[in-house]
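The structure under discussion appears below in the form of structure tokens.
What follows is calculated from the coordinates using simple rules that are stated; it is not laboratory data. None of these values were measured; they are calculated from a predicted model. All Cβ positions, even for glycine, are placed from backbone atoms using ideal geometry, and neighbour counts span all protein chains on display.
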Amino acid sequence: MAHLEPLDPKVDSIRILTLLPRVDNGNSKELFCELENKTLSSKPKYEAVSHAWGPGQATDTIYINGQKVPIRPRLHNALRSLQTGERRLLWIDALCINMEDTKERNDHVNIMSYIYSRATKVLAYLGPSHSTFTKSDLEEMDEGYHYFSERNCQLISKSIYWTRRWTIQELIQAKEIRFHLGKGYFTLDNRFNSLSNASNSSWLDDHFERIESHRKYMHSHLQQLEVLLEMFKDLECEDTRDKIFSLLGVADDTAQELIEADYDVDYYELYASLIDYHQSAAPLSCRSDLFRSSTYDPEPWRENWMGFDVSIERSVRVIAFSNLVQKTLNSAVNQTPIPEALSLGDPIVARGVIVGEILSIGGTYDDYVSSWESNKKWKALLESTYKKDRDLAKWRENDAAFYQELLKWDHDEVAAIQNCDTPKSYGYRESQDDEPITREALGSVNEDTQPRRFLGTGGLMGFLPPGAKEGDQICSFWEACFGVVIRKVSEDRWMIVGRATMSKESLTPAVTESVYRDALNYGTENTSYGSLLSKTGDEFWAKQKDLAYEALIFFKLDIPTLQKLTA
């Protein structure tokens, strides 16, 4: 990129673009700019542009320091909209960073939030307007807002800008934000008036609410990376790794540099770094009630109670976090070779709860989506398995709902239900983890190639790994609708057969039982939720405590096994 002068590696500096006033030279589409290196010590004044690059190639051009530079049409439209009768100092990633220099790109991504926090304003460009704004419109906008027409409101609500993950840290860190549609703009404070003609904008309202909440509580636990990953999981990036990198600058708990933006890193290394981060991060408190939006609220089947003792919180959440990371990375970790060193590191400790035992095993996934006969046999199996169960009608209802869900599954969801028999990872009782499980104790695991449908105690149902068999137990993890099939091989050891996926409806009764909470908190001093841990000297509570002990299983998992179970 010949128009870019190299930055001095000895001094912290950035490039500032000066957008020159429009000159009527017979070609109104031509844009002229100047680009200059500025040290941070000079305290440069600038506005930072937040925009979606948009699809397509760089088919438009501008002039920078006299050189013709190709840019994408969307950015060209943004510059034309932001051009005024005076020189305007801007910072724009696509023009101020040498994207062909990987080191410079990495360095700037790691300080992106710093750049936006230093800007006098952040100008969020949503796209061109439907019609040209009149002089009276512009005068009204000088007062701080503009009433957009219905057609322009629709353009705002459908802008690809809202789907861009990088915008999160840009908006959270901004001192002041202006959302531009063409030359019209609105702010967070006056958006309700400005967008009074908008319809079907509930998602956008939720999105604004999330942004405002993070701006208000910028240094709270809401700024932990794992909270941000979950909260903004519906947003996208061109480079999948940016789904992680785009949030690092606004996450308060990544300062230990376990994770940095690096476009040379492969997905498995990035995944392992995130697990290291999770294990060293501060425990999360109970779920926040600061958000009322449906996009944040936990799914209805999840419990929302007082939480975990800080001593165990990381081991309770690590399974759900690992799954969240892999979903965020679009299953790319599965397609990356496993670094050999990861099998040699310290194991991850996770807490799980036994939620049922396998009673009956049916056919494969392919059987149920392709064969009437298989579905008929399955219904007969359900009836015979639960014929004496007073909740049989409920289990029928759950089964019908689950069938509709499994029809939506893709290849990755089916492939995730797999065997995982390794002596390096196992389940054990508390304080009895001094010796690993032996290979001989594992025995043989059925090598069928497809997961199979199952029915379990308490109406539990879902799909099992190929190696599972009747009598195996199923262990659940906090906020995960999947678990592991385990098989007892000694008094205090369980082999891990593989991953199971369960229907939400059938899992709900188990995770809402008090014994589930009690099991996870067993052995701690957490009495905040008034459960059996604070009860002594009573036969009933003593029995409940025994049940909690029997339900709790600890796991030692090496990184490859953790990844495989949570893919």
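Taking 17 Å as the straight-line reach from the Cα of Lys377, the lysines in range (excluding those fewer than 8 positions away in the same chain) are Lys387. A Förster distance of 35 Å, applied to the separation of the beta-carbon atoms of Gln450 and Thr336, puts the FRET efficiency at 0.90. Among 231-244, 160-173, sorting by the average number of other beta carbon atoms lying within 10 angstrom of each residue, highest first, gives 160-173, 231-244. Across all directions, the average flat footprint of the convex hull enclosing the Cα atoms of segment 18-89 is 5.5 nm². Stretching the chain fully between Ser490 and Lys216 yields a gain of 93.3 nm (0.36 nm per residue, less the alpha carbon separation).
With R₀ set to 25 Å, the beta-carbon distance separating Lys45 from Val11 gives a calculated FRET efficiency near 0.85. The phi torsions of segment 157-166, fed into the Karplus equation with coefficients 6.51, -1.76 and 1.60 and a -60° offset, translate into couplings of 5, 9, 4, 5, 3, 5, 8, 8, 5, 4 Hz, rounded to whole numbers, with Gly and Pro shown as x. Our compactness index for segment 339-426, the C-alpha radius of gyration over the empirical 2.2 N^0.38 Å, is 1.48. Taken over segment 348-565, the ratio of Cα radius of gyration to 2.2 N^0.38 Å equals 1.05.
Extension gain, Thr84-Ser371: 0.36 nm per intervening residue step, less the Cα-Cα distance, totals 96.7 nm.
Each semi-axis of the equivalent ellipsoid for segment 13-216 is √(5λ) with λ an eigenvalue of the Cα gyration tensor; in descending order they amount to 26, 22, 16 Å.
Summary of packing: across the peptides 266-275, 318-327, the per-residue average of other C-beta atoms within 10 Å ranks them, highest first, as 318-327, 266-275.
Distance between the pseudo-spin-label points of Tyr114 and Lys388 (7 Å out from Cα toward the beta carbon): 7.0 nm. In segment 13-216, what percentage of the DSSP-assigned beta bridges are antiparallel, given to the nearest 5? Percentage antiparallel, nearest 5: 55. Going through the cross-link list Lys233/Lys394; Lys233/Lys424; Lys43/Lys121; Lys379/Lys469; Lys158/Lys216, which pairs have a Cα-Cα distance over 22 Å in this structure? Exceeds cut-off: Lys233/Lys394; Lys233/Lys424; Lys158/Lys216. The slack in the chain from Glu430 to Gln67, taken as 0.36 nm per residue of separation less the alpha-carbon distance, amounts to 123.8 nm.
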